[in-house]
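Coordinate-derived values only; no laboratory data. Because the structure is predicted, anything quoted here is derived from the model rather than measured. Positions of Cβ are generated from backbone atoms using ideal geometry, with glycine treated the same way; all protein chains shown enter the neighbour counts.
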Amino acid sequence: MKEFTENLRQFARDHGADLVGITPAARLDAALKPGFRAVDQFPEVKSVVVLGLHIPDASLEVMEKGISNYSYNMFGYAYLNRELDYLAYRVTRYLEDNGYLALPIPARGEHYWEKQPHHGPVSFRHAAVAAGLGTFGWQGLVLTPEFGPRQRFIAVLTDAELESGQVMNQDLDTCKRCLACVKNCPAGAIKEKEEWGVVIAGKKFVYGVVDCEACAWMAEGYSSRLWEGAPFQPKVDVPRPETLDARLSYDYKWHRRDPALTNSEHAEGNFGASFCGRCLITCPLGRAAAKRRRRSAKE
Ligand code: SF4
Ligand code: SF4
């Protein structure tokens, strides 16, 4: 199985994956809630293959400078999700062609809204940490040595018993606790002192509690505080309703936001040019990783 695992990793890299990690499904599932485990999606699952794609650094840097958030919305989110779906499909077919069952989980999970808003069927972030690709940052994103928080993930569940990676330790090299993510969140969604804890393969990880509703309200373009001064910025502030189910959310998204945002909606599903991402952009580990990569590419 060692050789097959290495061939699978190479296949994924040859098809564009920047990061490839593998965790035993049982290791991941021990950290997840019933109903949101790999085994709940695919009872035969033995391993979870996690694939990561890098978000282009310049798309984040022009956003930070207030020039434009247009590139990030597509190449940091909407189109990147599509690209992850294609990659997961190719890896799924590779597993099938070698006699295994494989279930790719789509990069976006809105269809799980009724079960738990803002959650997909299986947490790609937890899967990435369980696969040894990185650790959690305070803002709850995965920080990898290669890119800091600047990547997105997808997962393929399979009945193949693949060789897995070693889980990393969470320490000050992986999240500096500078709280830049907390201070730069326009929604005040990331708590400074409240934390979540999770144990994966006997290792404890902590990260800040995030108010997902407050984040989504800001990130989906209902507030003029999103990227003040930048183009493609919401011009209206829409008060947040007390409760928001999937149907009401659809109504808000399409009928109550700044029409300029709704009109800029792209077929790839970027909710208009409005995404936030400040907790990702302002993390110094992303900047440091970008500098390191540029330096070593030029050497
Ligand atoms: S995406 Fe924006 S609103 Fe959401 S947690 Fe990050 S900084 Fe806050
Ligand atoms: S900005 Fe990055 S390094 Fe700083 S606390 Fe947040 S996740 Fe950790």
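Before moving on, here are some points about what is shown:
- A straight chain from residue 193 to residue 58 at 0.36 nm per residue would run longer than the Cα-Cα distance by 45.4 nm.
- Net length available on complete extension from residue 288 to residue 173 is 40.2 nm, with 0.36 nm assigned per residue and the Cα-Cα distance removed.
- For the peptides 151-158, 190-197, the ranking by mean Cβ contacts within 10 Å, running from highest to lowest, is 151-158, 190-197.
- Gain on full stretching of the segment that runs from residue 248 to residue 206 - 0.36 nm per residue minus C-alpha separation: 11.8 nm
- Under a Gaussian network description of the chain, with springs only between Cα atoms under 10 Å, the residue in 136, 147, 36 that fluctuates furthest is 36.
- Net dipole in debye of the chain [+1 Lys, Arg Cβ; -1 Asp, Glu Cβ; about Cα centre; nearest 20]: 920 debye
- In the chain, helical runs assigned H by DSSP with n ≥ 4 each contribute -39500 (n - 2.57); averaged across all residues and rounded to the nearest 500, the mean residue ellipticity at 222 nm is -9000 deg cm²/dmol.
- Cross-link partners of residue 291 among lysines, defined as those whose alpha carbon lies under 28 angstrom from its own and excluding same-chain residues fewer than eight positions apart: 65, 176, 183.
- Largest GNM mean-square fluctuation across 283, 175, 212, computed for the chain with C-alpha springs under 10 Å, falls on 212.
- Cβ-Cβ FRET estimate between residue 67 and residue 108, R0 fixed at 35 Å, reported to 0.05: 0.85
- Straight-distance candidates among the lysines for linking to residue 253, with alpha-carbon spacing under 16 Å and chain neighbours fewer than 8 residues away dropped: 235.
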